[in-house]
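A short worksheet on the structure shown next.
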Amino acid sequence: MSPRTSRRSPVRDRADDGLLTLIGDVPGLVSDLVKAELRAVKGYVGQLAKHGGLTAVFGIIALFFLFWTIPAFLAFFVILLDLWMPLWVAALIVVVIGIVLAAAAGAWAYFGHIRKIQQLDGPRDAVKTDVRIVKEFADEF
């Protein structure tokens, strides 16, 4: 059998190995583990970038069609209201509804989320806390 066709099992019986042999193998095993983890991270990041990029493209396409659908819907709503009232009143109703909805969404964003974001502990605060804990621990010794 040539060396190319023979396969070595990555797992071998270590029952008869001595302590020094096992300790000597640790750096190689750690190196192999780190390399395998880096390969796994590279694969994950590659898949994440691929699917994230495609998601962004399809999201942009959806937003493009939404951008043109909303004015068409608003025009339809004005025309529908024009069946029962003068055109200027129908247009004014649609504008007022749009302003009220925009104000409600803005208030919801501000009071519901922006204030929560402002109250979050940032990474800088976490680092300061960690440094304080380490200093307190070091002062004990």
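General remarks:
- Principal axes of the range 31-141: Cα extent on each, largest first, Å: 83, 38, 12
- Helix content alone sets the calculated 222 nm mean residue ellipticity of the chain: runs of n ≥ 4 DSSP H residues at -39500 (n - 2.57) each, divided across all residues, give -27500 deg cm²/dmol.
- Difference of contour (0.36 nm per residue) and Cα-Cα distance, F73 to I60: 2.7 nm
- In terms of packing, defined here as the mean over residues of other Cβ atoms within 10 angstrom, the peptides 96-107, 80-91 line up highest first as 80-91, 96-107.
- Counting only residues at least eight positions apart within a chain, or on another chain, the lysines with an alpha carbon under 28 Å from that of K35 are K50.
Since every read-out is calculated from the coordinates, none of them should be taken as a lab result. Bear in mind the structure is a predicted one, so any value in this text is a computation, not a measurement. Every residue, glycine among them, receives a Cβ derived from its backbone with ideal geometry; neighbour counts consider all protein chains shown.
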